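Single-structure report; data block below.
Taken together, the values in this text are just the output of simple stated rules run on the coordinates, not laboratory data. In this text, all values refer to a predicted model and were calculated from it rather than measured experimentally. Here the Cβ positions follow ideal geometry from the backbone for every residue, glycine too, while neighbour counts run over all protein chains shown.
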Amino acid sequence: MYRRVFALALGIVALAQPALAQVPDPAMSTATSASGHILMSPGGGYESLADAGLTITVVINDSGGSPISGVAADRIRLDSSNPADLVECAADNIADGATDGTGTTTFSGILFGGGFKQGDLRVYVDGVAIPSVIDIEINSPDNDASLQVDIVDVVNFAADLALPTAFRSDLWRDDVTDIADISVFSSFFVDFCAP
Ligand SMILES: [Ca+2]
Ligand SMILES: [Ca+2]
């Protein structure tokens with residue numbers, strides 16, 4: 001009887017070990033991309049990360065540094081190092097797909113949401129940040145991150161036009177807030193998250 005219980009216990013340990021080895025360890029994982037700027041809007045910016053040359057490559061490893069395949073896309077999210085800076089539409093700004101046999105996935109799509117952050121983004125796995133700094137600047141016509149481009153954003157945008165440079169409203173990113181930014185803002189007015 002005792003021998004059978006012991007054998008059963010060994011079997012449980014043997015089953016448990018591979019599962020433990022497959023827990024993502026953000027500190028052992030990496031996220032890399034080129035530096036640059038991209039516009040985000042609740043209904044989607046006008047270009048994808050890939051089109052902007054800013055595809056983010058993520059490699060997810062366990063605590064031993066071994067890659068983990070099959071980590072679902074919705075467990076891997078892109079956000080600011082201070083998540084309050086950017087507000088994403090529900091279920092958006094997740095990885096392109098699950099990690100492959102080398103633990104790798106990418107972010108290459110259009111971003112959906114509001115707010116602004118001048119670089120210092122992170123990729124989060126199960127809510128924990130990978131330490132790698134993603135140097136991508138994001139701003140949005142939804143400058144107050146309410147997930148709707150409305151009159152509040154117009155007031156903020158108009159105030160910024162009086163300033164020589166205001167990253168929040170430099171939507172056509174060239175270090176100047178001018179007619180080009182007005183054109184971009186106007187094209188996204190009343191934009192909102194897809195239901
Ligand atoms: Ca808004
Ligand atoms: Ca500009």
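Take every DSSP beta bridge with both residues inside the chain and express the antiparallel ones as a percent of the total, to the nearest 5.
Counting DSSP beta bridges with both partners in the chain, the antiparallel share is about 80 percent.
Add -39500 (n - 2.57) for each DSSP H run of 4 or more in the chain, then divide by its residues: what number comes out at 222 nm, to the nearest 500 deg cm²/dmol?
Calculated from helices alone, the mean residue ellipticity at 222 nm is -6500 deg cm²/dmol.
Starting from the Cα of VAL128, step 7 Å along the direction of its Cβ; do the same at SER66; then give the gap between the two resulting points in nm.
Taking the two extended label points, one gets 1.8 nm.
Within the chain, which complete DSSP H helices have Cα atoms spanning at least 18 Å along the helix axis and a mean Kyte-Doolittle hydropathy of 0.5 or higher?
Sorted by number, the helices that extend far enough and score high enough are 2-21.
What does the charge count near VAL190 come to, summing +1 for each Lys or Arg and -1 for each Asp or Glu among other residues with Cβ under 12 Å from its Cβ?
Counting the neighbours of VAL190, the net charge comes to -4.
From the phi of every residue in region 41-50, what ³J(HN,Hα) in whole Hz does the Karplus formula 6.51 cos²θ - 1.76 cosθ + 1.60 yield, where θ is phi - 60° and glycine or proline is x?
8, x, x, x, x, 7, 9, 7, 4, 4
Between ILE179 and ALA158, 0.36 nm times their residue separation minus their Cα-Cα distance comes to what?
Between ILE179 and ALA158, full extension yields an extra 6.4 nm.
Ranked by Cβ crowding within 10 angstrom, fewest neighbours first, how are ILE134, ILE68, ILE182 ordered?
In order of increasing Cβ crowding within 10 Å: ILE182, ILE68, ILE134.
Below 8 Å, C-alpha to C-alpha, sequence gap of six or more: please give me the relative contact order for region 24-187 in percent.
24
5 Å is the cut-off here: which amide hydrogens, built 1.01 Å from N in the peptide plane, fall below it relative to ALA166, excluding neighbours closer than 5 in sequence?
THR177
So how far apart, in nm, are the two label points at ASP150 and GLU47 if each is 7 Å from Cα heading toward Cβ?
Once both label points are built, they end up 3.1 nm from each other.
Rank these for me by crowding, SER48, SER80, going from fewest to most other beta carbons within 10 Å.
Fewest to most other Cβ atoms nearby, the residues stand as SER48, SER80.
So how do ASP160, ASP135 line up by other beta-carbon neighbours within 10 Å, fewest first?
Ascending number of Cβ neighbours within 10 Å: ASP135, ASP160.
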